[in-house]
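The values are calculated or read from the model by the stated rules, or taken from the named source; none is laboratory data. All values reported here derive from a predicted model rather than from experimental measurement. We place every Cβ from the backbone using ideal geometry, glycine too, and count neighbours over all the protein chains shown.
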Number of protein chains: 2
Amino acid sequence: MRDVARAAGVSAMTVSRALREPARVSPEVRARVEAAVRAVGYVPNRLAGSLSSRRSDVVGLVVPSLENSLFAATVKGISDVLRREGFQLMIADSLYSPEAEEAAIRAFLEQRVAGLILHDTLHTEATARMIRRAGVPVVENGTVPAEPLDMVVSYSNREAAKAMTRHLARLGYRRVALVTLPSAANARSRDRRAGFLDALAELGRPSDPRLLLEMPPGLASGAEALARLTEGAEPPDAIFFAGDVLAAGAVLECQRRGWAVPGKVAIAAFDNVDLLAQLNPPVTTLRLPRGEIGTRSARMLLDRLAGRQSGPAVLDLGFEIIQRAST
Amino acid sequence: MRDVARAAGVSAMTVSRALREPARVSPEVRARVEAAVRAVGYVPNRLAGSLSSRRSDVVGLVVPSLENSLFAATVKGISDVLRREGFQLMIADSLYSPEAEEAAIRAFLEQRVAGLILHDTLHTEATARMIRRAGVPVVENGTVPAEPLDMVVSYSNREAAKAMTRHLARLGYRRVALVTLPSAANARSRDRRAGFLDALAELGRPSDPRLLLEMPPGLASGAEALARLTEGAEPPDAIFFAGDVLAAGAVLECQRRGWAVPGKVAIAAFDNVDLLAQLNPPVTTLRLPRGEIGTRSARMLLDRLAGRQSGPAVLDLGFEIIQRAST
DNA sequence: CTCGTCCTGGTTAGCGTTACCACAAACCGG
DNA sequence: CCGGTTTGTGGTAACGCTAACCAGGACGAG
């Protein structure tokens, strides 16, 4: 920056101002500075800038998994908003482990990020302490937690699962099975099961443990789930796959077996990946606001940083059932 | 840090050393410092550290798209290596635009990243200048460029497309069509087409422009491509979909039309997404080292940063044909 | 003509670390 | 028991920028 100042015949302070608040510098000087910047090939050092101004334009994001394409839409939404506002994105994955999440968040706080977006809502004690101490704004995305750290943007996994279960009952299915991802470290899965059970209770139906299954993610896993659920004595007439692409795997397995869907068994999914619409038959599912969760989260965070919004806030973005031929 | 120093009864310098090179501090003092760190709840400021040491532990990554799950495997590979080595990852997407890439890279250089990983190999002049001036190490991933900026980790898109085309010819298909993503801003697509044409030339077959098609990404797009290619006068007997999930879209469309694959038309894909193995019929494709590209890129970058490796390097990771029932 | 105000640009003092050197104490073979 | 090395710790000066104040000239009102 000193070189630029010398080349433009002004002080370093004026260069700094010309770049950050051009309006506060006379047009003539501004032009000289801009020319000098180009001539010197000056690239500002934001580390120094942030250190001095105690501000940062980096947002830290923790997702459970970088492989799972379901998070991609949310990440994209976040990235789009941040880019427009001149912010940068740091990403880490927690591998569904609160301890790994804690390490990632610690690293982000060391980098003095301006804010955090967390896709999980289950945190270690130390994590909550660190974040409170640091005083950075946080948006949580996964599911609405009992005690939010700060802001939350999500849809209700519980209500969504409940709605789909009711929908299946209304269509006349009597024995509905539920397949979720492993719920141990996944609050979303637990919420979905809870919603499923809510609906059964409301309908006055008993919940049969033979109709509850947890499976790892993946297409093959969906096929496996179908096999297991249908080989028993009283097989379900509908299966609700509340996670990942399990439903797609099951439909493909039905094709291989030559089973009619929904004739032999109806299949419903939880997420609107476009594969589900293209399968034969197309699969009934929920439209979830994946991208919007990202954009709204980012916007909420930036609003807070700009002082445009103050308190904690919980934003429920809703969902929608897409009825297709599979049920 | 001053607070920690006071609480531990040592100088700030000693605190810094105790945290970064514990071996150079007496065990007794180290213990006192560690206790003080916990007591004070000290979170080091890496901005200040990097500014002072002129080192950084952040790596910048630019991918063409954050939505496309094909890049997810590579990102995951990068992230895994970086995490283990205590580095952080900054991500931006270029939307397949060299100008957007330039902006992203400029922002990364302003953040004084330690190194860059770029998934595209087509850059603006200004980008190349900036990177050279900054002197940061770079790994390119997309396809081997004519003039690498620095290091390259990839497989040969051209050889892979050529190999698959040859494979289809060997299986007896006479009229093979090629569908790629739009090649305008996508060197990978151009390379694949070149490989396809290489193979035809080698086989002494003319290249029929009616058998070359460019389509946007997406399942629906694959279905559309199938429709267009098969409605003409001399339809192909095999279609090689060299991009995205186009092949899956085409197979699903064949199911809808009740066409036998490969009876009516054979279908081959370029990428080993697990959907292709689960379709009916399973689809012949290439196994590409997606994850390994990530891990090797990150490792190569870190090796350079640690001074363990010096010059530019080009690493070709190869590919493999997976023959399945669709051809 | 003088005083206050606005506008532009400069000066100074950090931001929180680490590099580098200085120095005291412990160590060690001859 | 003495020079010289090693080991452990501290002081000082950056790193490159910005916040906060300050100086001085232009300008309008009284």
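In the set B:293, B:321, which member is surrounded by fewer than 21 Cβ atoms within 10 Å (Cβ to Cβ) and either touching an Asp or Glu at 6+ places or on another chain (Cβ under 8 Å) or under 24 Å from residue B:143 (Cα atoms) (or both)? Reasoning before the result, please.
Working: B:293 fails: surrounded by fewer than 21 Cβ atoms within 10 Å (Cβ to Cβ).
Every option except B:321 fails the conditions.
Report whether or not residue B:139 is closer than 20 Å to residue B:300 by Cβ, touching a Pro at 6+ places or on another chain (Cβ under 8 Å), of a type in the set (Val, Ile, Thr) and outside any helix (DSSP H, G or I).
Details: closer than 20 Å to residue B:300 by Cβ: yes; touching a Pro at 6+ places or on another chain (Cβ under 8 Å): no; of a type in the set (Val, Ile, Thr): yes; outside any helix (DSSP H, G or I): yes.
In short, no.
Suppose we filter A:102, A:85 for residues that are away from DNA strand D (no atom under 16 Å from the Cβ), in contact with a Leu (Cβ under 6 Å, 6 or more places away or on another chain), farther than 30 Å from residue A:275 by Cβ and charged (D, E, K, R); which single one remains?
On the way: A:102 fails: in contact with a Leu (Cβ under 6 Å, 6 or more places away or on another chain).
Of the residues listed, the single one that is away from DNA strand D (no atom under 16 Å from the Cβ), in contact with a Leu (Cβ under 6 Å, 6 or more places away or on another chain), farther than 30 Å from residue A:275 by Cβ and charged (D, E, K, R) is A:85.
Does the range B:67-87 hold any residues that are over 16 Å from residue A:64 (Cα atoms), more than 10 Å from the chain's Cα centre (by Cα) and within 11 Å of chain A (Cβ to nearest Cβ), and which are they?
Residues satisfying the conditions are B:67, B:68, B:82, B:86, B:87.
Does residue A:39 qualify as being part of a helix (DSSP H, G or I), surrounded by fewer than 20 Cβ atoms within 10 Å (Cβ to Cβ), at pLDDT below 95 and within 16 Å of DNA strand D (Cβ to nearest atom)? Talk me through it step by step, then tell me what you get.
On the way: part of a helix (DSSP H, G or I): yes; surrounded by fewer than 20 Cβ atoms within 10 Å (Cβ to Cβ): yes; at pLDDT below 95: yes; within 16 Å of DNA strand D (Cβ to nearest atom): yes.
In short, yes.
Take the residues in the range B:151-173 that are in a loop (DSSP other than H, G, I, E, B) and at pLDDT 95 or above; name whichever of them is surrounded by the fewest Cβ atoms within 10 Å (Cβ to Cβ). Break it down stepwise before answering.
From the range B:151-173, those in a loop (DSSP other than H, G, I, E, B) are B:155-156, B:171-173; that's our starting set.
Cutting the leftovers down to at pLDDT 95 or above gives us B:171-173.
Numbers: B:171: 15, B:172: 10, B:173: 21.
If we take residues in the range B:151-173 being in a loop (DSSP other than H, G, I, E, B) and at pLDDT 95 or above, then B:172 is surrounded by the fewest Cβ atoms within 10 Å (Cβ to Cβ).
With the checklist (1) of a type in the set (Gly, Ala, Ser); (2) within 14 Å of DNA strand C (Cβ to nearest atom); (3) in a helix (DSSP H, G or I) in hand, flag the one item residue B:86 doesn't pass.
Of everything listed in (1) of a type in the set (Gly, Ala, Ser); (2) within 14 Å of DNA strand C (Cβ to nearest atom); (3) in a helix (DSSP H, G or I), residue B:86 misses just condition (3).
Would you check if there is a residue in the range A:98-109 being under 18 Å from the mean Cα position of the chain (by Cα), assigned by TED's automatic domain parsing to the domain that holds residue A:312, crowded, with 20+ Cβ neighbours inside 10 Å and in a loop (DSSP other than H, G, I, E, B)?
no
Being within 14 Å of DNA strand C (Cβ to nearest atom) and not hydroxyl-bearing (Ser, Thr, Tyr) narrows it down to one residue among A:41, A:49; which is it?
Numbers: A:41 fails: within 14 Å of DNA strand C (Cβ to nearest atom).
Result: A:49 is the single residue among A:41, A:49 that is within 14 Å of DNA strand C (Cβ to nearest atom) and not hydroxyl-bearing (Ser, Thr, Tyr).
As an exercise: evaluate residue A:127 against (1) closer than 24 Å to residue A:197 by Cβ; (2) part of a helix (DSSP H, G or I) and give the number of the one condition it does not meet.
So the condition that residue A:127 fails would be (1).
Looking only at the range B:5-36, filter to residues that are within 14 Å of chain A (Cβ to nearest Cβ) and buried (at least 16 other Cβ atoms within 10 Å of the Cβ); which one of those is nearest to DNA strand C (Cβ to nearest atom)?
Initial filter on the range B:5-36 (within 14 Å of chain A (Cβ to nearest Cβ)): B:16, B:19-20.
So of that shortlist, the ones also buried (at least 16 other Cβ atoms within 10 Å of the Cβ) come out as B:16, B:19.
Numbers: B:16: 3, B:19: 7 Å.
Restricting to residues being within 14 Å of chain A (Cβ to nearest Cβ) and buried (at least 16 other Cβ atoms within 10 Å of the Cβ), the top hit is B:16.
Would it be correct to say that residue A:110 is under 21 Å from residue B:57 (Cβ atoms), acidic (Asp, Glu), within 16 Å of DNA strand C (Cβ to nearest atom) and out of contact with any Ser or Thr (no Cβ under 8 Å at 6 or more places or on another chain)? I'd like the intermediate steps shown before the answer.
Numbers: under 21 Å from residue B:57 (Cβ atoms): yes; acidic (Asp, Glu): yes; within 16 Å of DNA strand C (Cβ to nearest atom): yes; out of contact with any Ser or Thr (no Cβ under 8 Å at 6 or more places or on another chain): yes.
When the stated conditions are applied, residue A:110 passes them.
Can you find, within the range A:45-61, the residue that is nearest to DNA strand D (Cβ to nearest atom) among those that are within 26 Å of the chain's Cα centre (by Cα) and not in a strand (DSSP E or B)?
Filtering the range A:45-61 for residues that are within 26 Å of the chain's Cα centre (by Cα) and not in a strand (DSSP E or B), the one nearest to DNA strand D (Cβ to nearest atom) comes out as A:55.
Evaluate the following for residue B:23: is it more than 11 Å from DNA strand D (Cβ to nearest atom) and assigned to a helix (DSSP H, G or I)? Please lay out each step first, then the result.
Working: more than 11 Å from DNA strand D (Cβ to nearest atom): no; assigned to a helix (DSSP H, G or I): yes.
In short, no.
Of these, B:115, B:172, which one is more than 12 Å from chain A (Cβ to nearest Cβ) and within 23 Å of residue B:212 (Cβ to Cβ)?
Numbers: B:115 fails: within 23 Å of residue B:212 (Cβ to Cβ).
Being more than 12 Å from chain A (Cβ to nearest Cβ) and within 23 Å of residue B:212 (Cβ to Cβ) holds for just one of B:115, B:172, which is B:172.
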